[in-house]
Amino acid sequence: MPVSARKVFGLLVLGLGTLVGPLDSSVNIAFPFITGAFGVPLADIRWVIVSYVLTYCSLMLVFGKLGDLFGHKRIFTAGLAVSLVSFLLCAAATEFTWLLAFRVMQGIGAALVLSCGPAIATSLFAESQRSRAIGTYLMMFSVGGVLGPTIGGLLVAVWDWPSVFWFRAPISLFALLLVFILPNPPRNPATVGFDSMGAVLLAVALSAFLLMITQLQHAAQNLLLLIGSCVLAAGSAWLYVRRATSHPSPIIRPGVFRNIDFTVLNLANIFVNLTWFAIMLLVPYYLSVLSGLSVGIGGFVLALSAATTMVVSPIGGWLIGRFAANRMAFLGIVVVVSGSFAIGNWGDSPGVFGMGGPLLLSGFGVGLFQVAYMSIVTGGLPASERGVSGSLALLTRTVGVVGSASFLTWIHSSLAAQHRATGASEAEAFQSAFQSTFAAAGALLFVFLAISLLRPGIWFGQTTEREET
């Protein structure tokens, strides 16, 4: 097979394997069927999400480091195998507790696969083509987010909730059979040892931090859990930093965050995804409660933002090298802010075009930002730490999504309750809270951007990534 064809085919195999993560969006459509099958209350369904998300988020940096040490292909392959088994076990679960346990296993598989995805994508091509490789990888990542709900809905209608798990098993198996195509660069001989204690401390700190975020809206009912997770996160993080500063090969060097520009860019990824994910959280309910559209048309409208992100990602990768990545990231944030404010102005019947424009705008902004951000992050750390840098990019994205699911849903539910208390109808209360929540999300991102402009060099100076030609 010619070298160029092998690289392209390798990227397709990588994308196929990567789908096991974003295709998890198909599980959401099965929530009512899962609660009905196991006879659990609706409130407990959140643990299906929490058990999975907390697991893969807390382990991605650790597995990214293992990939840097022992080869990204080995970690990716192990992830496909673990994912294959976990999908079958989730589909076969007969008790809710077993389903949660197998979701933890699925989270381990996802962490193994996703942690090394960006590193493998960039290793397939020359460093001068890194941004294009990243853009294509992000496009493939977005495909799962676009297809997941549609595929899940069709499968559940015919084969019930287990189908949203087992349909991904053949995908994992097919990618596993083709994984020999992917490169397996030799590990860096200068890298020594794996800090297992540091890995445990970092995983505990991240999982406790994310658990704390998810419990914010349930603070009154779970105050002890909230306080305990906060203390555990802070204590574990402090112990990790102490250990990492003296270890010759820490999971991630705390010193990289002394670079204010680098830290702000990572925070920007959190805030952008916190704002943008409000679309996936609240727009489905808007379409159901207020739009008057059919389910089919509503699904098309909802997919517009994610589909636009999918299309824009490779275009953004191609544009980097012609335009500075940090300026593209700045433009992406401005567009996301504009899209959020525009969605916040929806009335009770904006029509397909009235909704489509702001959704396209938001997807366009996210597409530009995420490829520029990942290009800067992967270029700002040494190539020997490409697994860690790619994992960091996906981790900050997920922190934003989790924060959105907790913070913005709390804002919306609180405001809706206040409007209902004043005599507003259910639809009126929902619409007012919907508008205010999107306005708050846009304002939060705008304030962050305004504060970051105190250091304009972050967005308009020379980036820390290596120059591309």
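Conditions (1) within 30 Å of residue 386 (Cβ to Cβ); (2) of a type in the set (Gly, Ala, Ser), marked per residue:
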site: 106; (1), (2): yes, no
site: 116; (1), (2): yes, no
site: 124; (1), (2): yes, no
site: 142; (1), (2): yes, yes
site: 146; (1), (2): yes, no
site: 164; (1), (2): no, no
site: 174; (1), (2): yes, no
site: 179; (1), (2): yes, no
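Given the options 414, 436, 425, 452, name the one that is under 30 Å from residue 115 (Cα atoms) and either touching an Asp or Glu at 6+ places or on another chain (Cβ under 8 Å) or not charged (D, E, K, R) (or both). Step through it out loud before you land on a result.
Details: 414 fails: under 30 Å from residue 115 (Cα atoms); 436 fails: under 30 Å from residue 115 (Cα atoms); 425 fails: under 30 Å from residue 115 (Cα atoms).
Answer to the selection: 452.
Conditions (1) under 27 Å from residue 63 (Cα atoms); (2) without any contact (Cβ under 8 Å) to a residue 12 or more places away in the chain, marked per residue:
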| position | (1), (2) |
| --- | --- |
| 305 | no, no |
| 322 | no, yes |
| 358 | no, no |
| 367 | yes, no |
| 375 | yes, no |
| 382 | yes, yes |
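Quick check on my filter: what residues within the stretch 139-172 are at pLDDT below 80 and among the hydroxyl-bearing types (Ser, Thr, Tyr)?
Across the stretch 139-172, the qualifying residue is only 150.
So in the stretch 337-387, with the set limited to residues that are at pLDDT 90 or above, under 16 Å from the mean Cα position of the chain (by Cα) and β-branched (Val, Ile, Thr), which one is surrounded by the most Cβ atoms within 10 Å (Cβ to Cβ)?
371
Check 250, 314 and return the single one that is in contact (Cβ under 8 Å) with a residue 24 or more places away in the chain, touching a helix residue (DSSP H, G or I) at 6+ places or on another chain (Cβ under 7 Å), within 30 Å of residue 68 (Cα to Cα) and not in a helix (DSSP H, G or I).
Working: 314 fails: not in a helix (DSSP H, G or I).
After ruling out the rest, the residue left standing is 250.
So, residue 231, is that one in the same structural domain as residue 413 (by TED's automatic domain parsing), closer than 23 Å to residue 405 by Cα and of a type in the set (A, V, I, L, M) or not? First the steps, then the outcome.
On the way: in the same structural domain as residue 413 (by TED's automatic domain parsing): no; closer than 23 Å to residue 405 by Cα: yes; of a type in the set (A, V, I, L, M): yes.
Here the answer is no, as residue 231 does not meet what is asked.
Tell me, please, whether a residue that is at negative phi, free of Cβ contacts under 8 Å to residues at least 60 places away in the same chain and in a loop (DSSP other than H, G, I, E, B) can be found in the stretch 33-56.
Within the stretch 33-56, one or more residues are at negative phi, free of Cβ contacts under 8 Å to residues at least 60 places away in the same chain and in a loop (DSSP other than H, G, I, E, B).
Being under 24 Å from residue 25 (Cβ atoms) and not hydroxyl-bearing (Ser, Thr, Tyr) is the requirement here; does residue 383 meet it?
no
The values are calculated or read from the model by the stated rules, or taken from the named source; none is laboratory data. Quantities reported herein were computed from a predicted structural model and do not represent experimental measurements. Cβ coordinates were reconstructed from backbone atoms using ideal geometry, including for glycine residues, and neighbour counts include every protein chain displayed.
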